[in-house]
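Accompanying notes for the structure given below.
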Amino acid sequence: MSGKAAPGKPGKRVSSWLGLISLGAAAALVAAACAGGEPPARHTAAHPPARHATAHPPARQSVAHPPVPPSGCTATVTLVESWPGGYRGTATIGNAGGRPMRDWYIQWIMPRGVTLTQTWNGTPMQSGPVAMIHAPAGKPALPPGATVSDIGFVGAAASPPTFTQITCG
C-alpha cells in the first residue's frame with residue numbers, strides 16, 4: 001500500500017489538514033525565533049495520580065495576572081507593480097510601543113507558488129506561503145515612535161499576488 005489516498009478520498013483531506021497544521025507550527029517557530037523567543041519546552045513531567053472526588057472540592061485561588069500588552073507595532077505590505085512572472089512590493093513597520101523593538105520583523109501569507117527572490121533594507125525568509133522580512137543586521141533596533149518605510153522586495157508569481165495576515169513584532 002502506498003500510503004496515499006486517491007484524489008477526493010477522505011485520506012487526501014486529512015493529509016491536507018496535516019500539512020496546514022505543520023505549516024502553522026513552522027510559522028510559529030519562525031516567528032518565535034525572529035522575536036528572540038524560544039519554542040515552548042516539551043512536556044515531560046510525570047503527573048501525580050488523579051484525586052478521587054470528595055464532598056468538598058479544594059478552594060479556588062485567585063491569581064492576578066498582568067494585562068497582556070498589545071503587540072506595539074504596525075505593519076503594511078503593499079503590491080506596487082506586477083508583470084508576467086513577477087512582482088514588486090514594499091513593506092512598512094512602525095513601533096507604536098514605549099520601548100525599542102529589537103530584531104523586528106514583518107510576516108505575511110502569500111498565495112501558493114509565490115516566492116520572494118530579492119529584498120532591500122531587510123533580510124528575507126520564506127517557508128511555503130509564509131514570508132517574513134527581518135531587521136537588517138546594521139539596523140536591528142527600531143526606537144519608540146519610529147517607522148521604517150524603505151523596505152522593498154521582488155518575487156516570482158504567475159499572477160499579481162495578495163498579501164494577507166500581516167503581523168509584526
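Where a number appears in this text, it was derived from the coordinates with a stated rule and is not lab data. Since we're looking at a predicted model, the values are computed, not measured. Heads up, the Cβs are rebuilt from the backbone with ideal geometry, glycines too, and the neighbour counts pull from every protein chain shown.
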Find the residue count for the range 109-149, including only residues that are outside any strand (DSSP E or B) and of a type in the set (A, V, I, L, M, F, W, C). 5
Which of the residues that make up the range 111-147 are of a type in the set (A, V, I, L, M, F, W, C), within 15 Å of V77 (Cβ to Cβ) and over 18 Å from the mean Cα position of the chain (by Cα)? W120
Applying the selection to the range 91-142, what residues are of a type in the set (A, V, I, L, M) and free of Cβ contacts under 8 Å to residues at least 24 places away in the same chain? A137
Output for the range 75-108, where each listed residue is assigned to a loop (DSSP other than H, G, I, E, B) and under 14 Å from G169 (Cα atoms): A96, G97, G98, R99, P100, D103, W104
Here the residues within the range 150-169 that are touching a strand residue (DSSP E or B) at 6+ places or on another chain (Cβ under 6 Å) and assigned to a strand (DSSP E or B) are I151, G152, F153, V154, G155, A156, A157, T164, Q165, I166, T167, C168
